[in-house]
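One structure is given here, and the rest of the page talks about it.
The values are calculated or read from the model by the stated rules, or taken from the named source; none is laboratory data. Being a predicted model, the structure only gives us computed values, none of them experimental. Glycine gets a Cβ as well: all are built from the backbone with ideal geometry, and neighbour counts include every protein chain shown. Note: accessible area is taken over every heavy atom of the protein model, side chains too, but ligands, DNA and RNA are not part of it. Shrake-Rupley method; radii C 1.70, N 1.55, O 1.52, S 1.80 Å.
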Amino acid sequence: MLLSGKKGLIVGVANKRSIAWAIAQACQDNGARLAFSYQNERLGENVKELTAELSGALNFQMDVTDDAQVKTGFEFLEKEFGQLDFLVHAVAYAPRQALEGDFVSTSREDFRVALDVSAYSLPVLAHAAKPLMKEGGSIVTLSYLGAERVMPNYNVMGVAKAALESSVRYLASDLGQLGIRVNALSAGPIKTLASSGIGGFSTILDHHRSKAPLRKLVELEEVADGALFLLCPMGRGVTGQTIYVDGGYNIMAI
């Protein structure tokens, strides 16, 4: 029960195959009480169905691109929880056309949307969470190897993830004196709703399986365990880092 008595917010659950949901289950199994936010009512239906059997779970709408909704959401959390011990940021989005063709053709608007949703939302949520993390806390976001290497059809999302990982380091520096740790978890490719928008994703999966040192794809539970380490006291000395849970693929030159 590594998170016994702790309270956390999970942002970005889409369905039962979401990495965020796997992390939520690991947190729940280790004694945490959880709150879940969703962008709109359509996504909210999935979240409410998934969390219906979780003891003490809270659900509320919060579009991370709307400052008013973020303010209202954290006011609700403060009222219900009193304080917050951890935050899981699992939000990323780029328009489909930005994940097709070449990066050089990315429109200004698609670039803005991808960076706003996928990167800027982290400091927005960290700023809102800071007053609630009265006894310190842990913030974990989700990244991908495309932040530092060119991945086919990842395009502007790779640039957004690079900005996200840089944000992790700056936030870790800002918040460390308050006992708040900030880290990124870089998972190997997994079939999720988000990855379905990346062209040729099945080829990426096959390549990863054949080249990663462990010669297998990463499982949701493995990523969730990595997040659990960063969220619980076992990771208390780690901040500002990007931790890879990808079967070692990131060390390979091919």
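Need one number: nm distance between label points at Arg236 and Lys216, each 7 Å from Cα along Cα→Cβ, rounded to one decimal.
Calculated label separation equals 3.2 nm.
Would you pull out the residues with amide H under 5 Å of Gly240's amide H, same chain only if 5 or more places away, H placed 1.01 Å from N?
Val182, Asn183
Lys pairs in the chain, Cα-Cα under 19 Å, at least 8 apart or on separate chains: how many?
Total qualifying Lys-Lys pairs in the chain comes to 18.
Top mean-square fluctuation among Leu171, Leu77, Leu43, Gaussian network model of the chain, C-alpha springs under 10 Å?
Highest fluctuation among the options: Leu43.
log₁₀ I(q)/I(0) of segment 114-222 at q = 0.13, 0.18, 0.22, 0.23 Å⁻¹, via Debye over equal Cα point scatterers, no solvent, to two decimals?
-0.56, -0.92, -1.16, -1.22
Quick one: if you stick a label point 7 Å off each Cα along the C-beta vector at Thr72 and Val150, how many nm between them?
Between Thr72 and Val150, the label points sit 4.4 nm apart.
For segment 165-254, just list the percent of Cα-Cα distances falling in each 10 Å bin from zero outward, please.
17, 39, 31, 13, 1
For the chain, with only Lys/Arg (+1) and Asp/Glu (-1) charged at the beta-carbon, what is the dipole magnitude about the Cα centre, in debye rounded to 20?
Computed charge dipole of the chain: roughly 440 debye.
For the chain, what is the per residue volume of the convex hull drawn over the alpha-carbon atoms, in cubic angstrom?
Here the figure is 121 Å³ per residue.
Tell me the carbon and sulfur percent of the accessible area for the chain, rounded to whole percent, probe radius 1.4 Å.
Carbon-and-sulfur percentage of accessible area, whole number: 52.
What whole-number value in cubic angstrom gives the convex hull volume per residue for the C-alpha atoms of segment 9-116?
Convex hull volume per residue, Cα atoms: 114 Å³.
By the scheme Lys and Arg +1, Asp and Glu -1, what is the net charge of all other residues having a beta-carbon under 13 Å from that of Leu77?
+2
Taking only protein heavy atoms into account and a 1.4 Å probe, give the accessible area per residue of segment 34-108 in Å².
55
Please report the orientation-averaged projected area of segment 58-166, defined via the convex hull of its C-alpha atoms, in nm².
7.3
Report the residue, chosen from Gly240, Gly226, Gly82, that carries the largest GNM mean-square fluctuation when the chain is represented by alpha-carbon nodes joined by springs under 10 Å.
Comparing Gly240, Gly226, Gly82 in the GNM, the peak value goes to Gly82.
What do you get for the angle between helix 155-175 and the principal long axis of the chain? Use alpha-carbon atoms, 0 to 90 degrees, nearest ten.
For helix 155-175, the angle is close to 40 degrees.
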